[in-house]
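What follows is a set of notes on a single structure, which appears directly below.
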Amino acid sequence: MHPLLELERGTFRKKWKGRQPVALLYPNTYPLAVSNLGYQLVYKLLNSLDHIVCERFVYPQNHEAFRSLESERTLSDFSLVFGSVSFEQDFPRLCAMLVAGGVEPYADRRGNEVRAGSPLVVFGGVGVFMNPEPLAEFADIMVIGEAEAVLPALLKQLLQPGSRQEVLQKIGSTLAGCYIPGGYTFSYRDDGRVNSISVMAGLPERVRKVVQGHQEVAAHSEILSPEAELGMYMTELGRGCSRGCRFCAAGFIYRPPRLWGGDAVIAGLKERPAGIDRVGLLGMEMSESSTLDRIAVYLQENDCSLSFSSLRADRITDQLLTLLAKSKLKSVAIAPDGCSQRLRRVINKGLAEKDLIDAAVALVGAGIYTLKLYVMIGLPTETVQDLDELISLLHRIREEILPLGQARGRVCEIVLSVNSFVPKPWTPFQYLSFGGQERERAENDLDCSGAVQSLRYKIKYLKKKLQKIDNLHVKVDRPDKVLSQAVFSRADRRIAPVLLDIGTGKRSFKQAMKAHDLRSWEYAVRPRAQDEIFCWQVVDHGIKEGHLHQELEKAVAAKATSPCDTTICRRCGVCDEDTTP
Ligand code: SF4
């Protein structure tokens, strides 16, 4: 057993005899793995079946041996390997973990016989159902949807005897939410556009996403560790988001948005082990104030402190502020996302300047010492005037909160986080160019230098103008580095050797793209046509054809779209059909 597990709660230690071993990979370090609720859920779900023993593999640090955490076995001891991935930056590590474990990374080169050392490889997680294609060459099966909704039926089939091809054909042709990438062949045009997708007989043209319906007990932390990045007991308030921010993939690919009732959330909170009183809530952005207030009362009655990474600026109630003050939380982030009120209409954020100032004042009044603000640059139609509006907003916030800090003897710091916007599949901004350049410039920016320079210029401008504001710290990213994320986000399966080269340390991103004759421009900067086929459309999220482009048109006109109301709204098409199992 790995020493990290000595302090962990929720570990399964099962004997192997008579059980099917399943390896569960997380392509990042232990502190991040143990903070990921989805990864924990799969671990619990698999181990709650008596005939399965599931052991975790995390990305090794400091030249550690690559072995399972529970029994320190090697990956080649497993005939079933699951991998969960949430972020594009983790793609190279996921395929490198197969190599490090002695498993052939390319699915079509694994033999027809399934056995330890030549396992069936199943990938899932939000990174997969947003766009499975970048990792498609490495997986036998990809889970399109939420684990609780897909895994029970999938596991039954995976444990049936049969050759690799037989098992895959059966699963792909009969099970909802299971994509067999080897059964789909893509052809491409010279500019990188998908030309056609041909599908093996018996498999669906598109794989429909499957989601979890009602929850009696809200999903919550199954594993707790002092090493966790988020050192608290997490509970979900719901899944997805009803706000429809046009840049945000989670708001579209988790549709329909589902809010768990107050009873389910409190039932989830009650599952926490004795002595655990620091809790975090996921999904605060969309939760109703009345539900939050009810939960706040429960937490106060049970002497729990509340922690959250981000809060929607127009959802801060007195009840929540009281709990916040009692929780002695020192730092809270609010996300204007867009630099100006006009841009916040473009992205459908629906937050006015007054909301942001009021939120800042309320939070500092409740005892916050660090106020984090998160904005993106490179959004469509963004100009220097939008940046200037952000600068004046920061001045105003500082003016308002300064006396509050002075009165209590400690001034509140503002941390502004400036992030280059990455267009994501399945959002209205999937058609747009990384870097935020106008269409014509982006079409000719074949080496992506214009995109990177445009973002760098905006960062420099903001830093220069903001350096005179006391107690304000500006954190920025590196647009040249974010370019690789923008490539992976909308990449197709031709990117596979690039991911493998980067993951195994053979080449840098730039070298690998060149070696495999791929251009970043095709994926990251090329503006997309309204009628083109996207590789991620092999997944069917139930969103009506044309809806995302209509939303893009509304964005350009800075027109708002109201939040989801699943009882009456049929706007995007997702609520027309039941996608629960
Ligand atoms: S149909 Fe309406 S409520 Fe349902 S997911 Fe789409 S926009 Fe939201």
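For the stretch 543-576, which residues satisfy the criterion of being within 14 Å of the ligand (Cβ to nearest atom), of a type in the set (D, E) and either under 25 Å from G450 (Cα atoms) or open to solvent by less than 30 Å² (accessible area, probe 1.4 Å) (or both)?
E551 - this is the single residue of the stretch 543-576 that is within 14 Å of the ligand (Cβ to nearest atom), of a type in the set (D, E) and either under 25 Å from G450 (Cα atoms) or open to solvent by less than 30 Å² (accessible area, probe 1.4 Å) (or both).
Being charged (D, E, K, R), surrounded by fewer than 23 Cβ atoms within 10 Å (Cβ to Cβ), in the same structural domain as E551 (by TED's automatic domain parsing) and more than 16 Å from the ligand (Cβ to nearest atom) is the requirement here; does E271 meet it?
The answer is yes for E271.
Mind listing just one residue for me: the one in the stretch 508-542 that is of a type in the set (V, I, T) and either assigned to a helix (DSSP H, G or I) or open to solvent by less than 20 Å² (accessible area, probe 1.4 Å) (or both) and, of those, nearest to A176 (Cα to Cα)?
Restricting to residues being of a type in the set (V, I, T) and either assigned to a helix (DSSP H, G or I) or open to solvent by less than 20 Å² (accessible area, probe 1.4 Å) (or both), the top hit is V539.
Considering only the stretch 92-104, I want to know if a residue exists there that is open to solvent by less than 20 Å² (accessible area, probe 1.4 Å) and touching a Cys at 6+ places or on another chain (Cβ under 6 Å).
No, the conditions are met nowhere in the stretch 92-104.
Take the residues of the stretch 401-432 that are part of a loop (DSSP other than H, G, I, E, B) and open to solvent by 60 Å² or more (accessible area, probe 1.4 Å): which is farthest from S520 (Cα to Cα)?
G409
Which one of these does G162 not meet: (1) within 20 Å of the chain's Cα centre (by Cα); (2) not in a helix (DSSP H, G or I)?
In the conditions (1) within 20 Å of the chain's Cα centre (by Cα); (2) not in a helix (DSSP H, G or I), G162 misses (1) alone.
Just wondering, is there one or more residues in the stretch 503-522 that are of a type outside the set (G, A, S), in contact (Cβ under 8 Å) with a residue 24 or more places away in the chain and touching a Gly at 6+ places or on another chain (Cβ under 6 Å)?
Looking for residues that are of a type outside the set (G, A, S), in contact (Cβ under 8 Å) with a residue 24 or more places away in the chain and touching a Gly at 6+ places or on another chain (Cβ under 6 Å), one finds at least one in the stretch 503-522, hence yes.
Considering each of L483, L499 in turn, give the residue that is farther than 30 Å from L373 by Cβ and under 22 Å from the mean Cα position of the chain (by Cα).
So the residue among L483, L499 that is farther than 30 Å from L373 by Cβ and under 22 Å from the mean Cα position of the chain (by Cα) is L499.
Of the numbered conditions (1) open to solvent by less than 40 Å² (accessible area, probe 1.4 Å); (2) part of a loop (DSSP other than H, G, I, E, B), K15 fails exactly one; give the number of that condition.
It is condition (1) that K15 fails.
So E222 ticks every box in (1) part of a strand (DSSP E or B); (2) surrounded by 15 or more Cβ atoms within 10 Å (Cβ to Cβ) but one. Which box is left unticked?
(1)
For the stretch 171-202, give me each residue that is surrounded by 15 or more Cβ atoms within 10 Å (Cβ to Cβ) and basic (K, R).
Correct list: R193 only.
Output the residue which, of all residues in the stretch 321-362 that are of a type in the set (S, T, N, Q) and open to solvent by 10 Å² or more (accessible area, probe 1.4 Å), is nearest to I459 (Cα to Cα).
Applying the filter and picking the extreme gives Q341.
Determine whether R255 is at pLDDT 90 or above, within 16 Å of the ligand (Cβ to nearest atom) and in contact with a helix residue (DSSP H, G or I) (Cβ under 7 Å, 6 or more places away or on another chain).
yes
Being open to solvent by 20 Å² or more (accessible area, probe 1.4 Å) and in contact (Cβ under 8 Å) with a residue 40 or more places away in the chain: is that true of E205 here?
It is false that E205 is open to solvent by 20 Å² or more (accessible area, probe 1.4 Å) and in contact (Cβ under 8 Å) with a residue 40 or more places away in the chain.
Surrounded by 22 or more Cβ atoms within 10 Å (Cβ to Cβ), closer than 30 Å to A176 by Cα, assigned by TED's automatic domain parsing to the domain that holds R396 and in contact (Cβ under 8 Å) with a residue 60 or more places away in the chain - does that describe any residue in the stretch 464-487?
Yes - at least one qualifying residue is present in the stretch 464-487.
Please tell me if L282 is of a type in the set (A, V, I, L, M, F, W, C), under 30 Å from G378 (Cβ atoms), open to solvent by 10 Å² or more (accessible area, probe 1.4 Å) and modelled with pLDDT under 90.
Considered against the rule, which asks whether it is of a type in the set (A, V, I, L, M, F, W, C), under 30 Å from G378 (Cβ atoms), open to solvent by 10 Å² or more (accessible area, probe 1.4 Å) and modelled with pLDDT under 90, L282 comes out as yes.
Out of the residues in the stretch 363-400 that are more than 25 Å from the chain's Cα centre (by Cα), assigned to a loop (DSSP other than H, G, I, E, B) and among the hydrophobic types (A, V, I, L, M, F, W, C), state the one that is surrounded by the fewest Cβ atoms within 10 Å (Cβ to Cβ).
The qualifying residue surrounded by the fewest Cβ atoms within 10 Å (Cβ to Cβ) is A366.
The values are calculated or read from the model by the stated rules, or taken from the named source; none is laboratory data. All of these numbers come straight from a predicted model, not from anything done at the bench. Backbone-built Cβ (ideal geometry, glycine too); neighbour counts: all protein chains shown. Please note that ligands, DNA and RNA were not included when accessible areas were found on the heavy atoms of the full protein model with its side chains. Shrake-Rupley method; radii C 1.70, N 1.55, O 1.52, S 1.80 Å.
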